[in-house]
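Below is one structure, written out as structure tokens; the observations come after it.
The values are calculated or read from the model by the stated rules, or taken from the named source; none is laboratory data. Remember, predicted model here, so these are calculated numbers, not experimental data. Here the Cβ positions follow ideal geometry from the backbone for every residue, glycine too, while neighbour counts run over all protein chains shown. Ligands, DNA and RNA are stripped out before the accessible areas are found, and what is left, the full protein with its side chains, is counted by its heavy atoms. Shrake-Rupley method; radii C 1.70, N 1.55, O 1.52, S 1.80 Å.
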Amino acid sequence: MARRKPSARIASVGVARTRLAVESELEWLFREQLNEDYGVDAQVEVVDGGTVRGKLLALQIKSGVSFFREPGPGGWWFRADADHVHYWMNHSLPVVVVLYHPDTERCHWQLVNTKTLVATSSGGWKLLVPQVQVLDKEARAPLREAAKGHRVIIRIREPQLPNREDLSGSLSGESRQASDDGSLPKSELGQPPIGNFDITPSPRLLDSLTRVIAAPWMCVAEMIDTAYNSTCEAGSESPALTVSVTIPSMTGKTNNELVVRDNGVGMAPESLLTAIRGSFTGTGDWHGRGFNLAMMATRLGHLITIRTSQTGDPSWIELSYDFLEVSARDAFTARIYRVAKDDPTEHGTEITIGNLRDDQWTSFDQHKTIWERLSDCYSYLLREGKLAILLNSNPILPRRPCIWDASRVVTLRGVPVAAVQEINHVLPAAWVCRQCGLQHDRLGQICTGCRATQDLAECPRRIWGWIGVQRYLHPTDFGLDFLRNGRKILCRDKSLFTWTDAGDSLTVIEYPVDAPMAGRIVGEIHCDHLPVSFLKNAFDYDSNDWQQVIQAIRGRGPLGPALRRRLGFPTNDSPLALLFNAFRRNDPGTRYLTPGNGRHAVHQKAREWADRFHNCDPAFQTDRIWYEAARSHDEINSGNRPSGRRGLSR
């Protein structure tokens, strides 16, 4: 006898309950999509006072208690695969996920956009459906606003952009287009464009442009990343990279433009267009390889000009667009020019951003802040000589770590522990999709993220760097720096100083815990294989790759031996555990490498010396002054007898 599955009944009830909520609570129109459902179950049309507005939403309805089994902050996580998310994000209507709970008979909802979507380590996505977002009268206002959409998004389908084969035609002049008066628009040098390039943004990008908050230094850093990554990919024969950044002054607004110029290898025409295409369609590398430059440039100003060339090319390739103009016309095209070179050996890229956004002006005047952030962010590359940055013609110096020399050693339970611990943890290689940046543990034919075929590249995975002890104690200026491709993603991060058990039932802040509540453990950890967020200020903390980083640095379980024994963990000999147990205390003297004056620790004086270190005072570059203060403290307390080398050697 044929039987109806309970899931089918619940699904039918869920659609019916959603219809009832829409028609009785919102008092809008509900149209179920009965045929060929690919990820949208119904459409909703806004009605105000009996007037049908022509504003619609697409609903994906899921029913059953199984969709409420993964709690999140104030709601439940709803998971979706990459294919569904791709379909929703490119849908002509704003998409809403509705979860129906058969026990409470309530429908909870959440919009699908870049603000709510969270990427998972498996290549899928999740979004949080809040418990308070019930499909009732309270939902009418936010859903009405969502139904308005974006005037460009609601007309965009999957962008049709030229592929590499089309590129040669567009650059040779076959795609010239006349302006409204019938003439070809000209470049600043009076030359007509050789083509127009379609930069139609994806809905994902347009939504991000309206909501993402990126500080000016982060936008400039994206352009530096583009230059550095291009130089790295060109190989070891590339010249030393110098990036010159010119930013305007608030005074008088005499020059309302920002210019970033580098002497790198430059980009071939097809590489430039690939980078711009990736920026505007979301098909480029969203995981930190420097192809977000067009979007970040547009965050700073509206008039963008990018000029690039390689050694030996007879001309510069110049691409320009006015984002206000093209968005007003809903015709997203960038003009491409050839500009003759004075010297064929010239090479590099220049990005000029004009008509700067008013909300960025006050930040541009804070030259010192931008200088300090770039100095910190690119500290490793600057001090290793791999990169030079000029800000308004002034060289940016790296913010160097003020740590004890690696030769300083203390004794922990009879075992010498150096003040600097090296880290070099090699992992099996992964395979990365060239289209979307998603990592795969094994080589396959198809990317599970974007479905690209046969476009996976081998990616070495290695966790390397060091952790060490700072020469001074500070309430905030300590923690670990995590870098990707030479740039700091996390600065002075303190998350690894906290341990949480596997069941999240116990969380212990392990460092610092001794008075004064300040720390001095620092580090520089390189993990070039880890994907990063769009703004390059976070990793995917739920991924297995991040857990491997944690394990390489601090091992498994707590750092302190007492808590480890109580919970049944074995000995922890990880780099962080060694430093923690050897230098956790801040007692003055050489036992813990803490400067003192014979009576107590001189933390304030040590910080003043650190300021002189950062100001490049030659007398304070080595740790000699700090060490002499620690040894002098020991000698004073031992009756002026030289016993300061207790447990320490150099």
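Descriptive notes on the structure:
- Subset of segment 200-249 (residues that are more than 28 Å from Thr114 (Cα to Cα) and at pLDDT below 60): Ser236, Glu237, Ser238
- Residue count, segment 250-271 (criterion: charged (D, E, K, R), modelled with pLDDT of 80 or more and either over 18 Å from Ile304 (Cβ atoms) or part of a loop (DSSP other than H, G, I, E, B) (or both)): 0
- Among residues of segment 97-148 being among the acidic types (Asp, Glu) and part of a loop (DSSP other than H, G, I, E, B), the one that is most open to solvent (accessible area, probe 1.4 Å) is Asp103.
- Of everything in segment 385-419 that is free of Cβ contacts under 8 Å to residues at least 40 places away in the same chain and open to solvent by less than 60 Å² (accessible area, probe 1.4 Å), the residue that is nearest to Leu241 (Cα to Cα) is Ile396.
- All of (1) within 21 Å of the chain's Cα centre (by Cα); (2) modelled with pLDDT of 95 or more hold for Trp431 with one exception: (2).
- Qualifying residues in segment 593-610 (those that are of a type in the set (A, V, I, L, M, F, W, C) and in a helix (DSSP H, G or I)) - the one surrounded by the most Cβ atoms within 10 Å (Cβ to Cβ): Ala606
- Residues of segment 279-313 satisfying the condition of being surrounded by 23 or more Cβ atoms within 10 Å (Cβ to Cβ), more than 16 Å from the chain's Cα centre (by Cα) and at pLDDT below 65: Phe280
- The listed residue being within 14 Å of His108 (Cβ to Cβ) and either aliphatic (A, V, I, L, M) or out of contact with any helix residue (DSSP H, G or I) (no Cβ under 8 Å at 6 or more places or on another chain) (or both), out of Gly75, Gly50, Gly54: Gly75
- Boolean, Val522 is surrounded by fewer than 17 Cβ atoms within 10 Å (Cβ to Cβ) and in a strand (DSSP E or B): no
- Failed criterion for Ser7 (all others in (1) open to solvent by 60 Å² or more (accessible area, probe 1.4 Å); (2) outside any loop (DSSP other than H, G, I, E, B); (3) modelled with pLDDT of 90 or more; (4) polar (S, T, N, Q) hold): (3)
- Selection within segment 555-579 - touching a residue at least 24 places away in the same chain (Cβ under 8 Å) and closer than 29 Å to Glu458 by Cβ: Pro575
- Hits in segment 23-40 - residues which are under 38 Å from the mean Cα position of the chain (by Cα) and at pLDDT 90 or above: Val40
- Qualifying residue in segment 42-61 (condition: modelled with pLDDT of 90 or more, more than 16 Å from Leu93 (Cβ to Cβ) and open to solvent by 60 Å² or more (accessible area, probe 1.4 Å)): no
- Residue in segment 486-501 that is assigned to a strand (DSSP E or B), of a type in the set (Phe, Trp, Tyr), touching a residue at least 40 places away in the same chain (Cβ under 8 Å) and open to solvent by 30 Å² or more (accessible area, probe 1.4 Å) present: no
- Residue within segment 471-490 that is hydrophobic (A, V, I, L, M, F, W, C) and over 30 Å from Gly560 (Cα atoms) present: no
- Asn537, sole failed condition from (1) in contact with a strand residue (DSSP E or B) (Cβ under 8 Å, 6 or more places away or on another chain); (2) open to solvent by less than 60 Å² (accessible area, probe 1.4 Å): (2)
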